Structures are given as C-alpha cells and as structure tokens.
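Reviewing the structure listed below.
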Amino acid sequence: MRYFLTLIFAAVAVISVEAQRVYVDVDVIAEEGTEIWVNNQLKGVGKWLCSMETGDWRIEARKKGHHKSVQIVTILNQPKQIVRLAPLEPILSKVNVISDPFAADVIIDGKVVGQTPLALDKIMVGDYYVTIKKDGFAPVVKKVTVKENKVVNINASLTQSGSSSKNVVLPITEFCDMVKVRGGYFKMGGTIEQAGLVDADEFPVHEIKLDDFYIGKFEITQAQWESVMGSNPSNFKLGKDENLPVNQVSYDDIQKFLEKLRAKTGLNYRLPTEAEWEYAARGGSASKGTVYSGSNAIDSVAWNTINSGGGPHLGGTKAPNELGIYDMSGNVWEWCSDWYGAKYYELSADIKNPQGPSSGTYRIIRGGGPNDRYPEKSCRVSNRSNELPSKNGDTLGFRLAVSASDYESKNNIVVTPEVVKAVEEVVTPSAPAPAPVVEPKPEPKPEPKPEPQVVPTPVPTPAPVPVPVPTPAPAPQVQTPAPAPAPAPAPQPQAAPVVEPTPAPAPAPIPQPQVAPQPEPAPAPAPQPQVAPAPTPTPTPTPAPAPAPAPTPKPKPAAPASSYITHTGIFKYMSTDNVYSKAREFISKADYSQAMPYLREAAERGAAEAQNRMGFCYRHAKGVSKDLIKAFEWYIKSAEQGDSAGQYFVGRAYERGEGVGRDMNAAVNWYRKSAAQGFNNAVKRMQELGIN
C-alpha cells in the first residue's frame with residue numbers, strides 16, 4: 001500500500017511539473033516595415049505568428065530612422081493572444097537652406113518643400129538629395145545626411161544659365177530616386193541559404209567583383225514611363241494612381257525608353273547587369289545573407305501570389321532590403337541587360353563587372369512577380385529566369401541603373417567633400433537617449449532539457465577478451481577496460497525526450513554525456529567513423545614491458561583509403577567552423593565529392609547546419625547515394641538542436657513518409673516548431689494545412 005501511494009505521488013509530481021510548460025498561439029503585430037525582435041533575435045517584419053511559452057518576454061521594435069521601443073510582454077494562459085506594438089516615433093532633425101539669389105525652389109527627393117530661405121525642423125534622419133533651382137539659373141543638387149541632434153545648413157550659390165528653365169538639364173533626382181551601391185566582392189549564385197530551391201543554372205557559385213553603381217530605389221512607375229514616352233502600356237491600374245510600377249513593357253520597349261530618357265536628362269541610364277541586380281538585391285556589402293531581398297520571410301518584403309491579389313502594388317509598401325531598396329523580390333519581374341545562358345556561370349571567366357554572354361535568344365529577368373506559381377522559388381535573390389526580348393507580359397517591369405562615375409560627374413550633380421562637410425555642421429548637444437526598458441526576466445527558462453541527442457553509439461567493449469591468466473606471473477596484467485565501472489551511471493536524462501516547442505530558439509549546445517557508457521572514453525568531438533579501438537592505458541603496475549597490446553589499434557588500414565580517412569589528420573587541427581567553411585567552399589563549386597568529408601566531419605561534430613546539409617545530400621544524392629532513411633537521420637539531429645530548417649524538413653519527412661513512417665501529428669508538431677522561429681516554408685505549410 002505504501003509503494004502504491006508513493007507511485008501515485010510521484011506521478012502527480014511529474015504531471016504538475018509538466019503542467020508548468022504551457023504554449024500559447026501569439027500574433028505579434030507592428031507597423032509596416034517594423035522589425036520584431038524577441039529576446040534579441042529578429043523574428044519578423046511587420047508581423048510574427050508563433051507559439052510562445054507563458055511568462056514574460058522581451059519584445060523590441062526597430063525601424064530605420066525611428067526610435068526603437070522595448071517592452072516586456074506577459075503571455076497568459078489563454079487560447080490565443082494578440083500583441084500589438086505601438087508605432088515607433090520618427091527621429092527628426094533640422095535642415096536650413098539659403099541661396100543666392102533668394103526665392104529658389106527647394107526640392108527634397110523629388111518633392112518641392114518650399115523656397116529659400118527655408119528652415120525645416122521636422123526632417124527624418126537619413127540620406128537625401130536636395131535640389132535648389134530657380135528660373136534662369138543652373139540648378140544645384142547636394143547630397144546631405146541628416147543626423148539626430150545635428151542641424152544641417154545648406155548654402156547654395158546659383159549661377160545664371162542664360163537659357164530658360166525648360167532647357168536646363170533635368171537632374172536625376174527629379175526623375176527617380178537612386179541608391180548608391182558601393183562595389184566589392186560577393187558570391188553570386190545558389191549560395192547555401194538558398195538550399196533546396198536552387199536550379200542548375202545557379203551553379204557554380206562564383207566570386208564576382210563590381211565597381212560602384214547606382215540603382216533605382218523603386219521600380220519605374222507608370223507616371224515616369226508616360227512622362228518620357230507619352231503613353232501608358234500597363235494593364236494593372238488603380239484608378240488615377242499612376243505610381244504603380246509600369247508593366248507590359250518588353251526589353252525592346254525599354255531600349256526606346258532609355259534612348260529618350262538619356263536625351264532628356266543627359267545621363268547614361270541603362271538596365272542593371274544581372275550581377276549588379278543580384279548584388280543590390282542581396283544588400284551589397286551590408287548583406288545579411290537572406291533568401292529574399294531583405295528578409296527570410298517572403299511576405300514581409302515581396303508582393304507575391306499569396307498576398308498580391310494577382311497584380312503589382314505601389315512601390316515601397318513592403319519592407320526595404322539592407323540598402324533601402326524596395327521590391328527586388330516580388331511585385332513585377334525586372335529586366336536585366338544580359339543575355340541568358342544556362343551554363344554561363346560555369347563557362348564564364350569574368351570576375352569583374354560581368355556583362356553576360358555576348359549573344360543569345362533570351363534576356364535575363366529577375367526578382368519574381370505577383371502571380372508566380374511557386375513564389376518562394378521565383379522571388380529568391382539568386383533565382384534566374386528569362387524571356388524573349390520582344391515579350392511584354394503583364395508582370396514584366398524594370399528599374400534603372402547608372403554607373404557611379406556617370407552619376408556623380410554629369411547632370412549638374414555636385415558631390416564634393418565640402419558638400420558632405422556642410423551636412424556635418426553643428427549644433428545642438430546630444431540629447432539624452434531614451435532609457436532602455438529594463439526587462440524583469442530577460443529570457444524565459446533557458447534550455448534545461450539536454451536534447452535526447454545523447455548518441456554515445458554502441459561501444460565495442462573489446463578489452464575483456466584477452467584474459468591472459470597464464471601461470472608465468474610477470475606483472476599481474478591489470479585489464480585495460482575494467483577499473484572505470486562508472487560509479488554514477490547517469491544516463492537517466494535520456495528518459496525525458498519531451499522536446500516541446502522551443503519558442504525562442506536556444507542554440508542547444510550538443511550535450512555530450514559520453515561519460516556514461518563505460519568503456520571507450522571517446523575524444524570530445526566524437527566523430528564516429530574514426531578510430532574505434534581502445535587505447536589500452538597501461539596503468540601504474542611495474543615496468544610491464546608488454547608492448548604487444550599497442551599494435552591492436554590497426555584494423556584501420558583494412559579499409560580503403562577513402563577521401564574521408566585521408567582528411568582525418570587535418571581535422572584534428574581545424575575548428576568545427578573551419579571544417580564547415582571548407583565544406584561550403586566545395587559546395588559553392590558544386591563539388592560534393594570533395595565537400596563530403598568536410599561536411600560529414602562538421603556534422604558529426606554537431607554543427608546543426610552541416611547536419612541539415614547532410615540530410616539534403618542524402619535526399620538529393622549530392623556526393624552520396626540517395627538514401628531517405630539517412631537523410632531523415634541527419635535532419636532529425638539538426639532539428640533536435642533547434643535548427644528551424646531541419647525542423648521543417650523533419651516535418652516534411654513525416655508528412656510524406658520519407659525515411660520514416662508517415663505521421664501527420666508528428667509532421668505538424670515539427671512544422672509548428674519551425675514556424676515559431678519564423679521559417680517561411682513552415683509558416684506557409686501551416687497555413688496550407690489550415691493550422692495555427
């Protein structure tokens with residue numbers, strides 16, 4: 001009776017502990033373009049749908065040019081909770097403009113804001129082009145950077161032009177907003193974050209160097225097209241609003257447009273090259289390595305099939321990328337200047353400012369459109385597509401580009417050190433920054449659950465076999481395996497594989513409870529395929545001149561010297577990060593046979609991303625034979641470490657029955673975990689399945 005009561009008490013205790021971990025569906029909603037950070041991790045832009053554990057969470061809202069806000073939100077035990085973040089307060093400063101003569105128009109980024117002398121006290125921080133112009137005088141354009149708590153003073157001296165204003169060359173800033181992209185090196189093609197969605201023509205990944213250039217901040221609008229060509233070819237129109245991107249324009253149509261625009265502005269406008277387009281879409285030197293232009297969440301940056309209603313939308317209504325460029329993913333497909341070549345990446349030796357093949361049948365289009373069948377594939381920054389130059393489809397548009405030397409030397413644009421200095425002029429001492437909100441409980445429950453990843457693998461226990469008990473008693477041979485009988489057999493933590501949804505992805509450092517299995521104290525990283533035999537530690541007893549046991553660890557030469565074995569010596573001196581970097585280097589060249597030893601080593605050392613990639617290799621037969629069971633084994637290792645992509649692929653394996661029994665409950669559980677981290681494919685799949 002006493003035992004029975006004890007068991008009941010223990011069961012109740014376990015239930016009460018489990019009951020403390022409660023997850024609630026939460027919608028965090030912020031103003032358009034606002035980044036949502038939870039416990040110092042970026043989770044979404046504008047919206048984040050997730051499953052969060054009850055308790056206090058630190059949620060921060062950030063937006064370029066605005067004061068950030070931090071608040072502690074308490075998630076309550078209820079069916080669903082909506083958290084709305086208040087709009088952020090813009091950071092404003094002052095700009096004073098004077099001119100000689102007075103009464104000149106002041107135009108900031110294409111909008112007339114008044115006449116000189118002019119004092120503007122509510123200008124948001126950021127970069128602007130300010131045009132000062134007056135009839136009979138050549139316009140002056142200055143680039144200024146408005147900073148918090150600093151007054152910008154602009155003093156322009158206009159020179160008479162002797163001709164009427166209608167003959168004055170039109171400054172570029174009055175036609176369209178351009179963003180300067182500083183040149184540099186970048187990896188072009190199907191880089192690793194694009195995994196699973198890349199096509200053959202995105203390989204091999206290759207390094208490109210580009211010079212500085214300017215590219216349109218927005219796609220060319222219907223109004224801009226009509227101002228040059230006199231007509232509007234677009235079939236998507238919103239009433240009188242002509243600021244929608246122009247569509248139904250072919251590559252050939254655009255050449256006529258460019259010819260007229262060059263004559264009107266005196267500037268060598270052109271289409272971006274394919275390399276320039278991809279570099280700008282990736283965010284240039286500020287790139288965060290996202291799948292889409294500015295985010296891993298497609299809906300935050302792209303008008304696509306799911307959210308567009310089948311047509312393009314006003315430019316700039318989704319979040320920009322790292323350079324402040326809008327709609328490079330989605331909205332309309334964008335023409336580039338290059339001919340399309342399926343094997344151009346493979347055959348091209350160009351590493352600086354590549355122009356594409358010298359001839360072809362089709363021209364490159366990039367970025368995806370508003371009604372593609374597979375938007376998650378087409379809207380990626382590395383995705384390549386093509387069309388006949390004469391094709392004027394209803395989702396084809398473009399944006400402008402121009403070389404930095406042309407932009408900064410022509411068209412009356414004066415960008416000199418003194419202009420930049422004028423921006424920095426003076427003033428108001430720094431105001432005290434708003435006090436950051438102190439969070440009572442920075443992070444809800446760390447990760448007290450060592451994942452059931454304890455894979456000590458079967459240990460051979462070899463030593464007991466040579467039990468030499470011969471009568472000649474030279475040195476009582478103390479058996480190698482014995483003395484460590486593991487007094488504290490602690491493999492109990494393995495009994496709790498209750499890996500419930502991990503809201504804020506904890507980087508789960510691979511537990512390593514390898515001490516528990518008795519023999520074989522395997523080296524720390526435990527790469528299994530390596531050295532299995534026990535090293536016979538030869539204890540303290542006397543001189544024991546028996547060097548005979550040493551040769552035992554020689555079953556290795558029997559195996560063929562595979563590339564994996566030949567690298568093991570190198571691995572000893574390389575960190576896991578370096579091993580994985582080496583793997584990625586070969587993967588970028590699509591050389592999986594060379595990548596595989598490095599990739600496997602990094603995966604066996606516990607690198608979650610490498611484990612995920614191993615699953616990909618087995619699933620798609622990259623460098624190994626296709627094996628869905630092994631693919632699942634690697635995906636699950638990655639998933640159990642909290643890797644969001646791995647969790648999604650495990651969910652997909654359960655849903656499709658690939659390498660594991662089909663189990664929709666398990667599939668949904670893994671999709672939910674992945675979606676909680678903002679992994680877009682998982683979010684979409686949950687929506688398709690009609691599950692929150």
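The values are calculated or read from the model by the stated rules, or taken from the named source; none is laboratory data. Computed from a predicted model, the values in this text were never measured in an experiment. Cβ: placed from backbone, ideal geometry, glycine included. Neighbour counts: every protein chain shown. All accessible areas refer to the heavy atoms of the entire protein, side chains included, with ligands and DNA or RNA removed. Shrake-Rupley method; radii C 1.70, N 1.55, O 1.52, S 1.80 Å.
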| field | Qualifying positions in the range 33-58 - closer than 18 Å to residue 80 by Cβ and within 18 Å of the chain's Cα centre (by Cα) | value | 36, 38, 43, 44, 47, 48
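Scan the range 583-592 and tell me whether some residue there is over 30 Å from residue 346 (Cβ atoms), in contact (Cβ under 8 Å) with a residue 12 or more places away in the chain, not in a helix (DSSP H, G or I) and not charged (D, E, K, R).
Start the filter on the range 583-592 by keeping residues that are over 30 Å from residue 346 (Cβ atoms), which leaves none.
The answer is no, given that none of the residues of the range 583-592 is over 30 Å from residue 346 (Cβ atoms), in contact (Cβ under 8 Å) with a residue 12 or more places away in the chain, not in a helix (DSSP H, G or I) and not charged (D, E, K, R).
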| query | Looking at the range 234-246, which of the residues that are under 32 Å from the mean Cα position of the chain (by Cα) and in a loop (DSSP other than H, G, I, E, B) is modelled with the highest pLDDT? | reply | 246
| Flag if residue 651 is more than 17 Å from residue 192 (Cα to Cα) and part of a loop (DSSP other than H, G, I, E, B) | no
| request: Could you check how many residues of the range 19-42 are modelled with pLDDT of 85 or more, surrounded by fewer than 20 Cβ atoms within 10 Å (Cβ to Cβ), part of a strand (DSSP E or B) and of a type outside the set (A, V, I, L, M)? | output: 4
| said: I'd like to know if the range 654-664 contains one or more residues that are modelled with pLDDT of 90 or more and under 21 Å from the mean Cα position of the chain (by Cα). | reply: no
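Out of curiosity, is residue 233 in contact with a strand residue (DSSP E or B) (Cβ under 8 Å, 6 or more places away or on another chain), open to solvent by 10 Å² or more (accessible area, probe 1.4 Å) and not charged (D, E, K, R)? Outline the logic, then answer.
Working: in contact with a strand residue (DSSP E or B) (Cβ under 8 Å, 6 or more places away or on another chain): no; open to solvent by 10 Å² or more (accessible area, probe 1.4 Å): yes; not charged (D, E, K, R): yes.
Answer is no for this residue.
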| If you check residue 364 against the conditions, is it within 17 Å of residue 271 (Cβ to Cβ) and among the hydrophobic types (A, V, I, L, M, F, W, C)? | yes
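Quick one: in the range 57-110, of everything that is of a type in the set (Gly, Ala, Ser) and assigned to a loop (DSSP other than H, G, I, E, B), which residue is modelled with the lowest pLDDT? Before the answer, list the steps.
Filtering the range 57-110 down to residues of a type in the set (Gly, Ala, Ser) leaves 61, 65, 69, 86, 93, 99, 103-104, 110.
Cutting the leftovers down to assigned to a loop (DSSP other than H, G, I, E, B) gives us 65, 86, 103-104, 110.
On the way: 65: 86, 86: 89, 103: 88, 104: 91, 110: 65.
Going through the qualifying residues, I end up with 110.
Look through the range 624-642, keep the residues that are assigned to a loop (DSSP other than H, G, I, E, B) and free of Cβ contacts under 8 Å to residues at least 40 places away in the same chain, and return whichever of them is surrounded by the fewest Cβ atoms within 10 Å (Cβ to Cβ).
Only one residue tops the list, namely 625.
When only residues in the range 128-152 that are among the aliphatic types (A, V, I, L, M) and touching a helix residue (DSSP H, G or I) at 6+ places or on another chain (Cβ under 8 Å) count, which is farthest from residue 64 (Cα to Cα)?
The extreme case among them is 141.
Restricting attention to helices (runs of 4 or more DSSP H) lying wholly within the range 347-442, give those where 1 or more residues are over 28 Å from the mean Cα position of the chain (by Cα) and at pLDDT below 90. Quick ask: steps written out before the conclusion?
Working: elements: 375-378, 404-409, 417-424.
Here the list reads 404-409, 417-424.
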| task | Sort through 651, 690, 623 and tell me the only one that's modelled with pLDDT under 90, within 22 Å of residue 44 (Cβ to Cβ) and more than 19 Å from the chain's Cα centre (by Cα). | result | 690
| Count - residues of the range 115-134 that are open to solvent by 20 Å² or more (accessible area, probe 1.4 Å), in a strand (DSSP E or B) and either modelled with pLDDT of 85 or more or not hydroxyl-bearing (Ser, Thr, Tyr) (or both) | 11
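Condition check: without any contact (Cβ under 8 Å) to a residue 24 or more places away in the chain and farther than 18 Å from residue 44 by Cβ. Does residue 278 satisfy that? It would help to see each step written out before you state the result.
On the way: without any contact (Cβ under 8 Å) to a residue 24 or more places away in the chain: no; farther than 18 Å from residue 44 by Cβ: yes.
The answer is no for residue 278.
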| What pairs can you find where one residue is in the range 36-60 and under 14 Å from residue 74 (Cβ atoms) and small (Gly, Ala, Ser), the other is modelled with pLDDT of 90 or more and open to solvent by 30 Å² or more (accessible area, probe 1.4 Å), and their Cβ atoms are less than 9 Å apart, with a gap of 6+ or different chains? | 55/74
| query | Which residues, counting only those in the range 316-339, are of a type outside the set (Phe, Trp, Tyr), farther than 17 Å from residue 236 by Cα and not in a loop (DSSP other than H, G, I, E, B)? | reply | 336, 337, 338
| So which residues in the range 290-343 are more than 16 Å from residue 246 (Cβ to Cβ), hydroxyl-bearing (Ser, Thr, Tyr) and in contact (Cβ under 8 Å) with a residue 60 or more places away in the chain, if there are any at all? | 290, 292, 293, 295, 300, 305, 308, 317, 337
| Are there any pairs, at least 6 apart or on different chains, whose C-beta atoms fall under 9 Å, with the first in the range 223-237 and without any contact (Cβ under 8 Å) to a residue 40 or more places away in the chain and the second of a type in the set (Ser, Thr, Tyr) and crowded, with 17+ Cβ neighbours inside 10 Å, and if so, which? | 225/234
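Going through 344, 279, 340 one at a time, which residue ends up being open to solvent by less than 10 Å² (accessible area, probe 1.4 Å) and either farther than 26 Å from residue 62 by Cβ or within 16 Å of the chain's Cα centre (by Cα) (or both)? Before the answer, list the steps.
Values: 344 fails: open to solvent by less than 10 Å² (accessible area, probe 1.4 Å); 340 fails: open to solvent by less than 10 Å² (accessible area, probe 1.4 Å).
Exactly one residue qualifies, and that residue is 279.
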| request: State all residues of the range 247-289 that are more than 26 Å from residue 387 (Cβ to Cβ), of a type in the set (S, T, N, Q) and assigned to a loop (DSSP other than H, G, I, E, B); if no residue qualifies, say none. | output: 287
| What are the residues in the range 199-222 that are open to solvent by 10 Å² or more (accessible area, probe 1.4 Å), under 29 Å from residue 246 (Cα atoms) and outside any loop (DSSP other than H, G, I, E, B), if any? | 201, 221
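Looking at 331, 268, 296, 304, which is the one that is surrounded by 19 or more Cβ atoms within 10 Å (Cβ to Cβ) and closer than 21 Å to residue 177 by Cβ? Step through it out loud before you land on a result.
Numbers: 268 fails: surrounded by 19 or more Cβ atoms within 10 Å (Cβ to Cβ); 296 fails: closer than 21 Å to residue 177 by Cβ; 304 fails: closer than 21 Å to residue 177 by Cβ.
The match here is 331.
For every residue, the table says whether it meets (1) touching a Lys or Arg at 6+ places or on another chain (Cβ under 6 Å); (2) farther than 27 Å from residue 677 by Cα; (3) among the hydroxyl-bearing types (Ser, Thr, Tyr).
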{"residue": "579", "(1), (2), (3)": "no, no, no"}
{"residue": "582", "(1), (2), (3)": "no, yes, no"}
{"residue": "588", "(1), (2), (3)": "no, no, yes"}
{"residue": "610", "(1), (2), (3)": "no, no, no"}
{"residue": "634", "(1), (2), (3)": "no, no, no"}
{"residue": "640", "(1), (2), (3)": "no, no, no"}
{"residue": "646", "(1), (2), (3)": "no, no, no"}
{"residue": "654", "(1), (2), (3)": "no, no, yes"}
